[in-house]
Amino acid sequence: MTEAPSTSARARWSLLPLALLPLLVPLATTNFTALGAAQALTANGLSDVKTALVSLLLLAAAGVWAYGVFARGERIRWAREMWLAVALLGLALVSAVAAPNRWPAFFGTYQYRQGFVMMAVVAGIMLLAVQMVRSPSVVRALAVAVVVGGIPVAAYSLVQVAGLDPSYWGAPDWALARGFATLGNPDYLGGYLIFPVTLALGLALQEEHVWLRVFWWGAAGVSATALLLAQVRGAWLGAAVALAVLAAHAVRSRIRLQRADVVALVFALAVLAGAGASAADSIGGRIQEAFSGQTGAGSGRLQIWDMGLDAMSAHPVLGVGPDSYRLAHYEFRGGDHAALGGYATIADDAHSAPIMIGATLGIPALLVALAFWALVMFRAARTTFAGGSGSGRAVFAAWFAAMAGYSVYLIFGPSAITLNVLAALGFGVMLGARAKAGDEGSAAPGAVAVAIIMIALVASVVGVRGLVAEYWFARSMDVIGDPSIARVDRAVSAAPWIFECRAHRANLKGGIAITTGDTARIDAAIAEYESLVSFAPPEYLTYEGFADTLLRLPYSQAFSERALDVARRGIVIYSHGLAARTAASFASIRLGQYGDAIGFLAEDWNTDPAWSEPGITYGYALMDAGRYDDARDVLGWLDEHFPGDDRAEQLRADIAAAEGEGS
């Protein structure tokens, strides 16, 4: 790649939104509790604002670029490998249309937002990056944006690790202890930091000014420290691969370290060693856990992969739908994983990109994705390790190295919108280095420009309306009763595709019906749940909430029979759904069907040692069936895990009374 003779103002304006993506998206949040806010502005304080911002920035970049296409007759820069990306997007569209639950397939699940619409947005970012990467200066500018954007992210995660975070996230202690910054999960942070660490080193190797070299080394050190303390094993491995690739390029190109480089490197290694020593126990535990075959995250990850492989076998052509991995979880989760993770834990991601693609989009899509990745990486490797000496290609090599390391991470870890943006820019850089204007892909540049603008416009509308919905969703939790329902009504009106808003409205109406016992309120709650079932038939959580509400309404045989039917439907979707099984068992007890009540919980009643309700319900089923000794065995388990539990004590008294009456 050679330097373009000049860069037009229009090109610079088109590049600006792309450069703002890695600067702004990682930090985007609606959580301003550090500034005195009582709570986040939206119920989902991270993914929705990030997806909206990504879509709006793509719309801005696409608008400027489209002007060049229509007003100046510019041709589209294209590389033949990009046809594979088009094919992958087409397969994803077919999968979304055929998905059992189309809403998340198109718009994404609640915490992820990686449905077909966002897949198209990411593809649009890659296409525009290919158009912009016409010179090494653009490659460098995008790298600078990633590294500069990574500094506050890494620094904030270190603040969290130190226990000094002024913001309230409602995150578990283990996540805060490892840090997640404004990305929402240590896994995302670890995968993300591979980019700023590697690109900062590439910038340092190519920089001529001593103090800027030191600055880039410092940026790499801050991000590397945060990456180490995030304790993401796949990211550690990915970073090691990235650094090895960049080192190989440096040796191949005969890049010589300056004295400032050596000093900065020694200082960075000392800081890393100190940080590692301060968290030696937890880091050592994470390493040991990876090789545990029975307990811990290592075992849980293997079980999640097993679900995905089962889903690929059962749905080989189109998968279960984009961003719909939870359907695979419902269908194929085994009892071992239920016992390990607890009944409420739902795997929304395969934690492995190949398995995630194969399970959600199908095996043909997986093969296309692998072919695209292999071709792009192979040709970028040839550019990286081409003959010649000097540091002129160091930043491009760093992009290739970062993508190689990130690819390793994706074998073991989940993706997120911020990471997808960086990957799109990385692919854009590698493809842009060899793309040409006027190739086969540019036969209809106007149509392509319109398509990108329409994708960005639709995604922007979806993103902004989603933010409005999340605002009212959060506000509905500030009040109770009818005012709360009125606010969640506004959320559903703004974004009717968000299942969680609809489910919250159903639960609110169910709660009021339970409290008042009013016939009209009961009818309204039941109608709301029926509407929710129609909206998302494969979503197990609907049946869990519906059955629980029916059982808590004023007693009637009709409600018990209806609850049993609803719970059974939930169990069909998710055989280890402990809440649905507990509801089915309780309803069966009410109906005098004690054998069925025992059967619903016989295998699962003790799979979650943090929830006593299944054990208590199972104990009563055994008692009512006259199996007093078995009921006492259940009590022994309850005493061990829930000492002093009032309901367990009541069960003990009821068993004694029932046995006395029967003697």
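The values are calculated or read from the model by the stated rules, or taken from the named source; none is laboratory data. Nothing here was measured: the structure is a model prediction, and the numbers come from that model. Positions of Cβ are backbone-derived with ideal geometry, glycine not excepted, and every protein chain shown enters the neighbour counts. Note: areas computed on protein heavy atoms with side chains; ligands, DNA, RNA excluded. Shrake-Rupley method; radii C 1.70, N 1.55, O 1.52, S 1.80 Å.
To the nearest ten degrees, helix 259-278 and the longest principal axis of the Cα atoms of the chain are 10 degrees apart.
Using a 1.4 angstrom probe on heavy atoms only, work out the carbon and sulfur share of the accessible area of region 624-663 in %. Write out the running numbers ahead of the final one.
Working: 1080 of 2430 Å².
Carbon and sulfur atoms account for 44 percent of the accessible area of region 624-663.
Between the alpha-carbon centres of region 165-207 and region 455-472 there is a gap of 26 Å. For the chain, the per residue solvent-accessible surface stands at 40 Å², with DNA, RNA and ligands left out and a 1.4 Å probe. Selection among 277, 611, 577 by position relative to the dipole of the chain gives 277 as farthest towards the positive end (Cβ unit charges, Cα centre).
A Förster distance of 25 Å, applied to the separation of the beta-carbon atoms of residue 437 and residue 24, puts the FRET efficiency at 0.25. Each listed q (0.16 Å⁻¹) maps to a log10 I(q)/I(0) for region 1-149, found by the Debye formula over equal Cα scatterers with no solvent: -1.01.
Between region 354-421 and region 584-622, what is the separation of their alpha carbon centroids in Å? So the separation of the two Cα centres works out to 49 Å. With everything on Cα atoms, drop me the angle between helix 47-71 and the longest principal axis of the chain, reported from 0 to 90° to the nearest 10. It is inclined by approximately 40 degrees.
Treating each Cα of region 152-234 as one equal point scatterer and applying the Debye formula with no solvent, the log10 of I(q)/I(0) at q = 0.12, 0.15, 0.17 Å⁻¹ comes out as -0.36, -0.52, -0.63. Would you mind classifying region 472-575 by shape? Square roots of the alpha carbon gyration tensor eigenvalues, ordered a ≥ b ≥ c; an a/c under 1.5 is rounded, otherwise it is prolate if a/b is larger than b/c and oblate if not. Here region 472-575 falls in the oblate category. Sites listed here are trypsin sites (Lys or Arg not before Pro) in region 154-236 whose DSSP assignment is loop and whose Cβ has at most 15 other Cβ atoms within 10 Å, and the list is empty. Working ranking of peptides 241-250, 498-507 by packing, defined as the average number of other Cβ atoms within 10 Å per residue, highest first, is 498-507, 241-250. Angle, helix 613-624 long axis vs. longest principal axis of the chain, Cα atoms, 0 to 90°, nearest 10? Once rounded, the angle reads 30 degrees. Mean sequence separation of contacting Cα pairs (under 8 Å, at least six apart), scaled by the length of the chain, corresponds to a relative contact order of 18 percent. Magnitude of the charge dipole for the chain, about its Cα centre and with charges confined to Cβ atoms of Lys, Arg (+1) and Asp, Glu (-1), is about 4020 debye.
Its alpha carbons give region 523-663 an Rg and a Dmax of 15.5, 52 Å.
Normalised by 2.2 N^0.38 Å, where N is the number of residues, the C-alpha radius of gyration of the chain stands at 1.06. Determine the share of region 445-600's accessible area contributed by carbon and sulfur atoms, expressed in whole percent, with a 1.4 angstrom probe. C and S fraction of accessible area: 60 percent.
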